[in-house]
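The values are calculated or read from the model by the stated rules, or taken from the named source; none is laboratory data. What you are looking at is a predicted structure, and each value in this text was computed from that prediction instead of being measured. Cβ: placed from backbone, ideal geometry, glycine included. Neighbour counts: every protein chain shown.
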Amino acid sequence: MPTATTAENRDPSERSIRTGIASGPFPRVGSALLLLVLLVALGGSTGCSMRLRRAVVVDDLLEPLGSDTTHLPSPAELAAARLARLALVATEADPAVDAALANVAETRKPGDSKHLLPLATDLRNTTTGDPIAYREASRALRKKRGIDPRLASRLDEAIADDPLKLARRRRRDDWHRLFARTFNSIAEPLGQSVITGFILAPFTLTNSLIHYFAEFSNAEPLSQTGRQALVLRQEFLAAHPDSPVAPEVGRLVARDEIRHARTLALRRVRAAEQAIGQGQPALALHQSRTASQLLEPHPGAHDRLRRRAARLENEALESLERRNHLLARALEANATHEATRASERALATALLVAPSPPAASIPSSPATARLPDAPVAVASDSCAPSRSTKTATKSLPGERSPRSRARAHQTTRWRATPVSSSRTTGRIRTTPSGACAAAAVAKRWPSGWRASGSLARATRTSRRLSPI
Amino acid sequence: MSGRVSALAARLAPSTSASMALAIFVLLASTGCQTFSARQKEAVYGPTEGVLEAVAVLRRHVPDDTYRFPPARDFSGRNVYRASLLRLENLERAEAAALRSGYMDAVITFAKGRALERLRAFDLAAQHYRESARLSDELRPAALASAEVCERIDRAVKIGIELVDPVPEGGTPARPIDPEGVRRALDERVTQLSILLGELNDAAGEDAPRKPAEGAGDGSGVDRRHYRWIVQEEIERADVVRARYAIEIRHVVPDGTLVALQELQRVATRHGASKNRLRHLLRLGDFYADLAREYLDAVPPESLTFDPARFRELADAAIQLYELVGSHDGRPEKLEATRNLEAFLALTLTIDADRYDR
């Protein structure tokens with residue numbers, strides 16, 4: 001146990017510090033105070049939380065169970081029950097309900113719940129049958145002191161559930177956003193140019209302002225928040241057509257409906273312009289027609305937009321007609337030339353009666369078909385008549401003479417030349433459904449191969465495409 | 001040296017203690033504020049403290065036109081009638097001792113009747129009204145009048161077929177293939193409801209309802225205006241059931257598709273003022289889209305019998321309806337319609353360009 005003697009044996013400076021701290025104003029009294037405050041804080045916070053979360057062991061559970069005693073309602077409670085009965089069957093502004101409420105106030109005693117009268121008043125207010133009147137009454141009730149937080153929050157919700165007020169707030173959001181954009185368009189370039197000592201300020205400021213004004217061209221006649229406000233006002237008008245403010249709200253709704261139609265039509269027109277630019281005339285036609293339909297209910301307004309939609313509709317129709325003409329032309333067929341008719345008929349007959357090649361003869365990869373000593377194969381793609389010709393030549397064992405090999409080799413080289421260099425090559429290549437298919441089956445049908453050759457020879461003179 | 005240190009400590013001590021006290025005060029204040037704020041936030045979620053509160057919430061929404069506007073929801077997003085019914089039942093359980101004397105029984109029973117009739121439990125509502133009429137002289141006229149209306153509605157809605165749970169535990173019973181009989185029954189239901197609606201409209205057309213007469217059970221002088229919306233909702237439901245039945249049996253009756261289309265159009269045109277009008281239009285659009293899909297399945301676009309004009313007729317109708325619904329702001333049907341439109345347009349991508357203009 002330390003004594004004064006042992007303490008004095010320590011370093012004097014340390015002792016003086018300790019003494020100074022101990023004997024100063026902060027010392028034991030301060031520590032005790034600090035401890036007390038901390039305890040109070042801890043107790044306070046615990047107490048607060050205890051109100052929210054009950055302990056596991058509740059004192060009530062430890063009390064012996066007794067028989068329930070019937071609660072005898074007080075006069076105020078009986079008056080409240082009568083008020084509830086009358087309120088349930090009352091119509092608007094029933095004086096009996098007011099009298100019952102007054103009776104509740106009169107019969108209330110100190111032992112009764114302090115929330116009884118506000119709740120009864122709120123119940124009376126609900127009998128007005130008019131949401132606007134109820135909101136006004138709730139606003140008045142909310143101003144009273146000592147209202148239960150639960151009732152207060154419910155009243156706040158009822159007061160805030162005002163479509164017109166919400167609509168005004170939505171419109172105010174528009175102005176707020178405009179102010180923020182304007183402020184940012186000036187403050188941001190100025191802030192950035194601080195680093196450069198305002199040397200670039202004129203450039204950045206000008207650039208920002210140009211963008212600021214350019215954005216207005218993209219602005220819609222009725223903004224997103226404006227549309228929200230319109231819906232809220234329409235709801236109010238539908239629910240309260242006889243309200244005193246209904247004419248004024250109706251005027252705002254009519255004005256915004258025109259803007260709304262213009263907004264939707266403008267979107268359609270822009271979509272139509274984009275569709276025409278992307279070569280989708282049918283979509284452009286649909287969008288432009290829809291734009292015109294949207295503008296129909298407002299004949300006196302949006303003439304320019306209506307003309308724009310009509311012009312787009314005409315453009316779309318013309319473009320659609322042109323496209324349909326091209327599509328139809330793609331399916332047309334030219335008459336066969338007299339000179340090639342016989343050979344074409346022979347070739348077509350040969351092709352139609354030729355058996356299909358077995359699946360096993362199809363090469364696993366196109367590269368193998370190009371090899372000179374590759375196994376017999378038929379080209380699967382229609383744009384490779386040379387390959388099929390070559391393989392067809394090799395596919396006939398009986399004809400594998402050096403002469404035919406040379407011819408096949410020559411054919412390979414022949415294919416390697418540009419299309420424009422050989423008229424025959426070009427002719428055969430431009431007739432994939434004819435010569436290419438003929439070559440594909442020629443390995444099984446020698447007469448087909450011959451027919452293909454005759455066709456190739458005939459086309460040197462005809463210059464006409466084969467319709468086959 | 002030691003003297004300077006001690007003097008410094010002496011000077012520092014008061015300021016340190018003051019700052020610490022300030023810190024503790026801030027801590028306490030913030031803790032207290034947080035607790036108070038949390039309580040304020042949670043106050044609205046607290047249990048109902050009395051019958052008056054539950055009755056006030058319900059009474060506020062009794063006159064609501066639930067045919068034209070969606071039913072009100074409370075702060076938790078629940079249907080206000082369902083929430084009120086649950087709160088009243090919980091109050092009966094939790095405050096059994098306090099309510100044992102029965103001074104609030106009539107009020108609770110009547111209020112439960114008001115909630116039940118908005119939840120389509122008309123028979124239960126009528127029972128509650130009868131009980132409240134027995135308990136309270138003040139409530140008797142209104143309770144008896146309400147019980148009578150509820151019983152008439154209940155009798156009417158039990159006529160004919162009804163929409164059934166598609167996945168019940170015990171299996172789905174087969175629909176009767178008797179379009180004429182079903183239509184006749186549903187017409188009878190609508191007729192009865194229309195007669196009741198006419199009576200209610202006549203009563204509402206009179207001057208302000210008179211004060212309830214003692215013992216009057218015929219409904220005279222009792223405010224029954226809110227039943228107009230309930231009856232209109234039931235008529236709308238009957239029309240929807242009829243249209244749904246026509247859709248269900250369209251493959252087994254001649255010209256079933258045409259009849260189903262007419263029924264859906266009938267619902268959409270007859271109930272243009274309903275809160276479900278966009279839903280009806282959406283169903284019609286879905287039906288056109290289904291027909292277009294069925295046509296594509298039956299007659300593939302590459303086949304020779306494909307008729308582009310016929311397909312375009314179906315597709316355009318679906319697209320127009322989807323676009324119409326999708327142009328309504330502030331409604332959940334808007335999202336559904338725009339997504340359905342995208343899905344339908346994706347379907348048309350499989351069709352040759354010369355058979356369907358995209």
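Annotations
- Of the criteria (1) surrounded by fewer than 18 Cβ atoms within 10 Å (Cβ to Cβ); (2) modelled with pLDDT under 95, which one residue B:335 fails: (2)
- Tallying residues that are more than 9 Å from chain A (Cβ to nearest Cβ) and among the basic types (Lys, Arg) within region B:100-118 yields 2.
- Restricting B:114, B:82 to residues that are assigned to a helix (DSSP H, G or I), surrounded by fewer than 18 Cβ atoms within 10 Å (Cβ to Cβ), at pLDDT 95 or above and of a type outside the set (A, V, I, L, M, F, W, C) narrows the list to B:82.
- In region B:25-67, the residues that are within 7 Å of another protein chain (Cβ to nearest Cβ), assigned to a helix (DSSP H, G or I) and either loosely packed, with under 12 Cβ neighbours inside 10 Å or modelled with pLDDT of 70 or more (or both): B:51, B:52, B:53, B:55, B:56, B:59, B:60
- Single residue of region A:223-271 satisfying the filter (of a type in the set (S, T, N, Q) and touching a residue at least 60 places away in the same chain (Cβ under 8 Å)) that is farthest from residue B:326 (Cα to Cα): A:243
- Just one residue in the set A:330, A:346 is within 14 Å of chain B (Cβ to nearest Cβ), at pLDDT 85 or above and over 38 Å from the mean Cα position of the chain (by Cα); that residue is A:330.
- Verdict on residue B:92 being at pLDDT 95 or above, more than 12 Å from chain A (Cβ to nearest Cβ), more than 30 Å from residue B:278 (Cα to Cα) and more than 21 Å from the chain's Cα centre (by Cα): no
- For region A:219-266, the set of residues classified as over 18 Å from residue A:301 (Cα atoms) and of a type in the set (Ser, Thr, Tyr) consists of A:223, A:225, A:243, listed by residue number.
- Residue in region B:338-358 that is modelled with the highest pLDDT, counting only those that are in a helix (DSSP H, G or I) and within 11 Å of chain A (Cβ to nearest Cβ): B:345
- Some residue of region A:265-273 being assigned to a helix (DSSP H, G or I), surrounded by 15 or more Cβ atoms within 10 Å (Cβ to Cβ), away from every other protein chain (no Cβ under 14 Å) and among the acidic types (Asp, Glu): yes
Table: residues versus (1) of a type outside the set (S, T, N, Q); (2) more than 11 Å from chain B (Cβ to nearest Cβ); (3) outside any helix (DSSP H, G or I).
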| residue | (1), (2), (3) |
| --- | --- |
| A:97 | yes, no, no |
| A:105 | yes, yes, no |
| A:113 | no, no, yes |
| A:151 | yes, no, no |
| A:159 | yes, yes, no |
| A:176 | yes, yes, no |
| A:181 | yes, yes, no |
| A:187 | yes, yes, no |
| A:196 | no, yes, yes |
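- Cβ pairs under 8 Å, 6+ apart, first in region B:96-112 and more than 15 Å from residue B:140 (Cα to Cα), second assigned to a loop (DSSP other than H, G, I, E, B) and of a type in the set (A, V, I, L, M, F, W, C): B:101/A:72
- The set of residues in region A:168-203 being among the acidic types (Asp, Glu) and closer than 29 Å to residue A:248 by Cβ consists of A:173, A:174.
- Within region A:78-95, if we keep just the residues that are closer than 20 Å to residue A:141 by Cα and within 7 Å of chain B (Cβ to nearest Cβ), the residue that is farthest from the chain's Cα centre (by Cα) turns out to be A:80.
- Residue within region A:242-260 that is within 14 Å of another protein chain (Cβ to nearest Cβ), out of contact with any helix residue (DSSP H, G or I) (no Cβ under 7 Å at 6 or more places or on another chain) and at pLDDT below 90 present: yes
To keep it simple, each residue is scored yes or no on (1) surrounded by 12 or more Cβ atoms within 10 Å (Cβ to Cβ); (2) at pLDDT below 85.
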position: B:167; (1), (2): no, no
position: B:178; (1), (2): yes, no
position: B:183; (1), (2): yes, no
position: B:194; (1), (2): yes, no
position: B:197; (1), (2): yes, no
position: B:200; (1), (2): yes, no
position: B:207; (1), (2): no, yes
position: B:212; (1), (2): yes, yes
position: B:217; (1), (2): yes, yes
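- Meets criteria (away from every other protein chain (no Cβ under 14 Å), of a type in the set (Lys, Arg) and under 24 Å from residue B:72 (Cβ atoms)) for residue B:175: no
- Test: residue B:139 is crowded, with 18+ Cβ neighbours inside 10 Å, in contact (Cβ under 8 Å) with a residue 12 or more places away in the chain, more than 9 Å from chain A (Cβ to nearest Cβ) and not small (Gly, Ala, Ser): no
- For region A:202-224, the criterion of a residue being within 14 Å of chain B (Cβ to nearest Cβ) and of a type in the set (Val, Ile, Thr) is satisfied by no position.
- Within region B:302-322, restricting attention to residues that are assigned to a helix (DSSP H, G or I) and crowded, with 18+ Cβ neighbours inside 10 Å, the residue that is farthest from the chain's Cα centre (by Cα) is B:311.
- A search for C-beta distances below 8 Å between a residue of region A:168-181 that is closer than 19 Å to residue A:256 by Cα and any residue that is loosely packed, with under 15 Cβ neighbours inside 10 Å and not β-branched (Val, Ile, Thr), counting only pairs 6+ apart in sequence or on different chains, returns nothing.
- Residue within region A:267-280 that is polar (S, T, N, Q), at pLDDT below 90 and at negative phi present: yes
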